[in-house]
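Step one of this worksheet: look at the structure below.
The values are calculated or read from the model by the stated rules, or taken from the named source; none is laboratory data. Treat the numbers as computed from the prediction; the structure is a model and nothing was measured. Backbone-built Cβ (ideal geometry, glycine too); neighbour counts: all protein chains shown. These accessible areas exclude ligands, DNA and RNA; they are computed on the full protein's heavy atoms, side chains included. Shrake-Rupley method; radii C 1.70, N 1.55, O 1.52, S 1.80 Å.
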Amino acid sequence: MSLMSWDLYFANLGRVLRITGCPEVVDALRQALPGWSVEVFDAKGESPAIKLWRERDGYRQYSPELPRGLRLGTPVEAACSLIADLVAAYTEHHPELIGLHCASVEIDGRLVVFPASHRAGKSTLTAAFAAAGYKVFGDDVLALTAEGLGQGLGIAPRLRLPLPAGLAAEMVSFVQQYTGPADTRYSYLVPPAGNLAHHGETRPLGAVVLLARDAGITTPQLSRLAPGDGLLQLLCQNFAHDAPSELLVERLLPLMEDTPCLLLHYSEPLAAVEAVQAALREPSLLAVPCARDEEPVSAPSPRCMGDEPWMPGATVLEYSLEEELFLVEASDGAIHRLNPSGRLVWQLLRQESLSAAELAELLSEYYAQPLEEVLADVQELLGRLANVGLVRSVATSGAATVTLAQP
């Protein structure tokens, strides 16, 4: 007996998906896309580019992104994978759009954007905004139009299971009430009507908030980040989907000149929602400062001339862009840019504490450059990093290890 097949048509995209023998996946997918118009018809003609069918106790998916196929175990896992391919197909079908890897919510008619960062809790924070009554534009992807507007795709937030400990009781209740398709790893949150933007709905950008989740934080803290090219590159790295750097700069630079950027330290998501809401009403925090002139190069600290080992600071966020590295001192939000050789020094210090002489010896051999020249450069770099608190002497810090906040 042949299995039933269905072709799925998506608004502003067309017929791009065929599903065979697994109506439960069709149902999970439709629930996970409550804001995206989806029509289902009996399959006819040549198969679309994306296809999925039942395979023993699971599923098999093929697409331009998965030419060798992908084995999937549950309807939710299949829906997650299919949505990733649908987003890729949508941005390819609409080259005028840039796909931004971020969460986004509407506050007072403008979008607050939370760029993706590793395990910083952007999806849980998005759910908290939904629980507080805000409209969600997405927890993982937002399209940027040629006019600089953020465009929602109608995709429900996806929460990692189990939920983090310590969530407010009202948020747990909200998640339980509006849980959609779920398995043991993930659960889609399908907010009530009006709390999720429709596919294609747009709003102007209002603020960019970088996330630093810290279980030790009792009261959320927000600080303003400095503007400029470093910030722009940091944002490009965090939430751009395969877009050329030149296009990102052209699109994002005008927006960043007028869009405040904040750094949020938080632990409990609902408390963070209240803090962000209050910050957006604080003119002094939201004002976009004028770009500062480059500070004159300061002389290396004499401490860097010695043999004592050095280590990264304790509150440094790091973001990479191609061969360069951007460091953010979390206490004041200052952004520092390292070239490839500076990035190598930083990576070496992350592995173990090293002195200027030890670093110079490693780099001299790596770059095949005279040791004396490399040592002078390393001493100057360490001096600069030490003067702004990005590195510290092991001898004076009294610490043997350091925990880095990484995106």
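Just a few scattered comments:
- Using the Karplus relation 6.51 cos²θ - 1.76 cosθ + 1.60 with θ = phi - 60°, the per-residue 3J(HN,Hα) values for the stretch 33-45 come to 10, x, x, 10, 5, 10, 10, 10, 10, 4, 5, 9, x Hz, with x marking Gly and Pro.
- Packing, as the average of other Cβ atoms within 10 Å across residues, places the peptides 78-88, 41-51 in the order 78-88, 41-51, highest first.
- The distance between label points at A49 and T184 comes to 3.5 nm (points 7 Å beyond Cα on the Cα→Cβ vector).
- Sulfur and carbon atoms: percent of accessible area, the stretch 49-122 [1.4 Å]: 51
- Taking amide H positions as modeled 1.01 Å from N, with prolines and chain starts lacking one, the residues under 5 Å from S267 and 5 or more places away or on another chain are D214.
- Highest average first, the peptides 176-188, 62-74, 146-158 ordered by how many other beta carbon atoms sit within 10 Å of their residues are 146-158, 176-188, 62-74.
- For D42 and R337, the FRET efficiency from 1/(1 + (r/R0)^6), where r spans their Cβ atoms and R0 equals 45 Å, is about 0.20.
- Sequence-distant lysines (8 or more away, or on other chains) whose Cα lies within less than 29 Å of K135: K122
- Prolate/oblate/rounded label for the stretch 30-178 (Cα gyration tensor, a/c 1.5): oblate
- Using a Förster distance of 60 Å, the FRET efficiency for H94-E365 (Cβ separation, nearest 0.05): 0.75
- Two-site label geometry, T145 and D214: point separation in nm, points 7 Å out along Cα→Cβ: 3.9
- Taking amide H positions as modeled 1.01 Å from N, with prolines and chain starts lacking one, the residues under 5 Å from V16 and 5 or more places away or on another chain are L8, F10.
- Per residue solvent-accessible surface (Å²) - the stretch 36-110, probe of 1.4 Å: 50
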